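What follows is a single structure, written as structure tokens, with notes after it.
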Amino acid sequence: MNRTQIMESPEFREQMQRRFTIQTYIQRISPANLYSEASSSILGITEGGFGFVVAGVGGGGPFRSLELSQGITASWPQIAAIAVGLVVCFAASYMLFLRMEIRPGG
């Protein structure tokens, strides 16, 4: 089989779809991705081709300025996920700290 036949096979497409699904799930919990989505929504910008930042909504659509309240309303799931992650990490580290056996004098 040559490379073209492999890439056109149903097994290859199914495997690529599974990889894409896993990648999407990982990105949904990534703090960097959550922050990027939230800040883009609040500021009303989107990335164009080659990573250039373009003002407007929807890949080169007309410029649409969002009010701060509209941007925050649109990005509240990302903000909530970042806050929940922060609280969970803080609680876990605090519990580990309390479990440590700390004695005066070493």
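The values are calculated or read from the model by the stated rules, or taken from the named source; none is laboratory data. Note that the structure is predicted; figures quoted are calculated from it, not measured. Backbone-built Cβ (ideal geometry, glycine too); neighbour counts: all protein chains shown.
Pairing each residue of the range 7-26 that is over 30 Å from A81 (Cβ atoms) with any residue that is surrounded by fewer than 11 Cβ atoms within 10 Å (Cβ to Cβ), provided the two are 6+ apart or on different chains, yields C-beta distances under 7 Å for F12/I6.
Which of the residues that make up the range 68-106 are part of a loop (DSSP other than H, G, I, E, B) and surrounded by 10 or more Cβ atoms within 10 Å (Cβ to Cβ)?
Narrowing the range 68-106 to residues part of a loop (DSSP other than H, G, I, E, B): 75, 100-106.
Result: S75, single match.
One residue stands out in the range 38-53 among those that are modelled with pLDDT under 65 and assigned to a helix (DSSP H, G or I): the one that is nearest to I82 (Cα to Cα), namely G51.
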